[in-house]
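Take a look at the structure set out below.
Where a number appears in this text, it was derived from the coordinates with a stated rule and is not lab data. All values reported here derive from a predicted model rather than from experimental measurement. Here the Cβ is made from the backbone with ideal geometry for all residues, glycine too, and neighbour counts use every protein chain on show.
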Amino acid sequence: MKFISALSHAFKLFISAYALGVVLFGVWFWIAIFLGVATSIAALNPIPFTVLVLIGILILLTGLLWYLFLGFFYSILLKIMWSKPPQWARPFCSKEQALKNYGIAIAASFPLAIIIFLHISFHSGIRTFDEFYVSPKGYALETIFQLWWLWFITTFSLYYWKGSHKKSFATGERSAPQ
C-alpha cells in the first residue's frame, strides 16, 4: 500500500508541477547555486556567491508563487465543474502539504539540474561565467522534457522514503507508523 500511495502522490505532483512548468524554476534554482559554487571555486568573473544565492532564492519564490497560483486556479475549476469534487481530483488539502509537495518538486529537479549544468559547462567548453548565459538554452528545455521519467522516479522515491504520503490517497486515513 505504501508503494501505491507514493506512486499516486508522485503522479499527482507530476501533473501539477512537471507538466505545468514548476520544475523549470527548480532546475534554474539549482543551476544558480551550481554557478555560484563553480565561479567561487574557479574564481571566474568574481560575482559574489551571495548574489547568485539571492537570484536562486528569487527564482524559488517565483516558482512557489506560480505553484500556489496553479493550485488556486485548479481549485476554482473544480468548484465550477463539481459542487463536491471527488477525492481523487482534489488538490492537496493544507498549505503545509502544498509547501511539502513544492519542496519535493524542487528536490526532485536536482538530478536534471546536474545533467544540464554538466553538459552546458563541460561539453560546451565554457571558461567564464558570461559564456554560460551565451550557451544554447534550448538544450536545457529539451533535456527537461526528455528526462521526465528521471524526475518522476526521483519524486516517487522521495515520497516513498520521506513519508510524506502517510495520509492515504484513496481513503484520507492516516497509516500507522512502521
**Prompt:** Under a Cβ-Cβ cut-off of 12 Å, what is the net charge of the residues other than A89 that fall near it, where Lys and Arg count +1 and Asp and Glu count -1?
**Reply:** +4
**Prompt:** Contour minus end-to-end for I114 and K162, with contour as 0.36 nm per residue of separation and end-to-end as the Cα-Cα distance?
**Reply:** 15.1 nm
**Request:** Please give the peptides 148-154, 72-78 ranked by average Cβ packing (other Cβ atoms within 10 Å per residue), highest first, as a rough proxy for protection.
**Result:** 148-154, 72-78
**Item:** Estimated inter-spin distance, V51 and F122, nm [label 7 Å along Cα→Cβ]
**Value:** 2.7 nm
**Request:** Figure the gain on full extension for L147 and I41 (residue separation times 0.36 nm, minus the Cα-Cα span) and round it to one decimal in nm.
**Result:** 35.3 nm
**Prompt:** Of all the Cα-Cα pairs you can form in region 1-84, what percent are over 22 Å apart?
**Reply:** 47 percent
**Complete:** Here the gain from full extension of A89 to A107, 0.36 nm per residue of separation minus their alpha-carbon distance, amounts to 4.1 nm
**Request:** Report the label-to-label distance for T62 and E96 in nanometres (one decimal), using points 7 Å from each Cα along the Cα→Cβ vector.
**Result:** 3.1 nm
